[in-house]
Amino acid sequence: MFYHEYPPPPGLSPYIQCFWMLEHDYTQPFHDHEHLWADTHVECIFSFGEPYYRRSETRNYPLPQNFILGPLTKQLLLYSKGVTGFIAVRFHPGGLAAFTTHKATDLPDNILPLAKVLPEQTIALAENLQNQTREAKLNLLTHHFETLLPPKVPADLQNILALTSTLKTHHGMQKITDLAKQFDINPRKLERHFLQYIGLPAKRFARIIKFNHARELISQNPDISLAALAYETGYADQAHFSKNFRQLFDLSPAQFKAQIKKFRNDTNDKDHDVVFIQD
């Protein structure tokens, strides 16, 4: 398997967290799918080789070859049956809005064809990326988004990018009312901007950030106590913390701990965990 993240140039860094590439053979028994947890980022994904699909009890649902993956409020499993790969853009929360006028409220828990979200020239880019070297793909993708970026980004979008960055720095622990005061913005206006640029209510966004912090703490130390996890996320009630963790990730903290321990044992404790490849 090949996976690597590439930092964006300075002009794109306020909007794009990174570019990344993944290449993998899904016929291998150990790693036959991608497990995505709840997350606040939007991904613009160009795929090559065998297609990806979502599985239900009755059938497989193929994904578009090139697609936008919106913020996730629940886990998502993606499968493939052969050799395939991605080159992708991971946007900061709200960052996609600098490149499109598509409604952000359409994005959460959704996979949309690229053509529905980004300008027409992005479709031509998808064709140009085929059969290129890794370096050429990265250069083409970087140049494309540098070209798409408007000369002036709305001040409201710049504010929401700064606001969400602050919330992430505090692991989602800041009260939304305190955040509104810090950025001198009316709480109702702040809520409108979250929906306009991110597509999620502010409190739900903060909860995803908070519980991903808890999930990361477990990933770093599967023996961490439930009391410590509750404390780190601002919960006085451990049962309440566990309930909310399960609501977001569809498993309890104890089950996730066991999953991490098994993963480490199966991989000889090598760190294979990345944002997109999480299982």
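The values are calculated or read from the model by the stated rules, or taken from the named source; none is laboratory data. No experiment lies behind these values; they were computed from the predicted model shown. Cβ atoms come from the backbone with ideal geometry, glycine included; neighbour counts cover every protein chain shown.
Odds and ends about this structure:
- Pick from the stretch 233-253, criterion assigned to a loop (DSSP other than H, G, I, E, B) and small (G, A, S), ranking: farthest from the chain's Cα centre (by Cα): A236
- Residue check for K210: out of contact with any helix residue (DSSP H, G or I) (no Cβ under 8 Å at 6 or more places or on another chain), in a helix (DSSP H, G or I), surrounded by 13 or more Cβ atoms within 10 Å (Cβ to Cβ) and not aliphatic (A, V, I, L, M): yes
- Test: residue in the stretch 182-199 that is basic (K, R), touching a residue at least 40 places away in the same chain (Cβ under 8 Å) and more than 24 Å from A254 (Cβ to Cβ): no
- Residue within the stretch 48-57 that is among the hydrophobic types (A, V, I, L, M, F, W, C), closer than 19 Å to N139 by Cα and surrounded by 15 or more Cβ atoms within 10 Å (Cβ to Cβ) present: yes
- Scope the stretch 115-128; condition part of a helix (DSSP H, G or I) and over 18 Å from Y15 (Cα atoms); matching residues: A115, K116, Q121, I123, A124, L125, A126, E127, N128
- Applying the condition of being in contact (Cβ under 8 Å) with a residue 24 or more places away in the chain and surrounded by 11 or more Cβ atoms within 10 Å (Cβ to Cβ) to the stretch 150-163 and asking which residue is farthest from T122 (Cα to Cα) yields L163.
- Just one residue in the set H102, H193, H92 is under 15 Å from F19 (Cβ atoms), modelled with pLDDT of 95 or more and not hydroxyl-bearing (S, T, Y); that residue is H92.
- Selected residue (only one of T166, T147 is more than 20 Å from F19 (Cβ to Cβ), surrounded by fewer than 21 Cβ atoms within 10 Å (Cβ to Cβ) and either at pLDDT 95 or above or of a type in the set (S, T, N, Q) (or both)): T166
A quick yes/no check of all residues on (1) among the hydrophobic types (A, V, I, L, M, F, W, C); (2) crowded, with 17+ Cβ neighbours inside 10 Å:
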site	(1), (2)
P71	no, yes
L77	yes, no
G82	no, no
F86	yes, yes
F99	yes, yes
K103	no, no
N110	no, no
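- The condition of being assigned to a loop (DSSP other than H, G, I, E, B), closer than 21 Å to P201 by Cα and of a type in the set (S, T, N, Q) holds for only one of T100, T105, that being T100.
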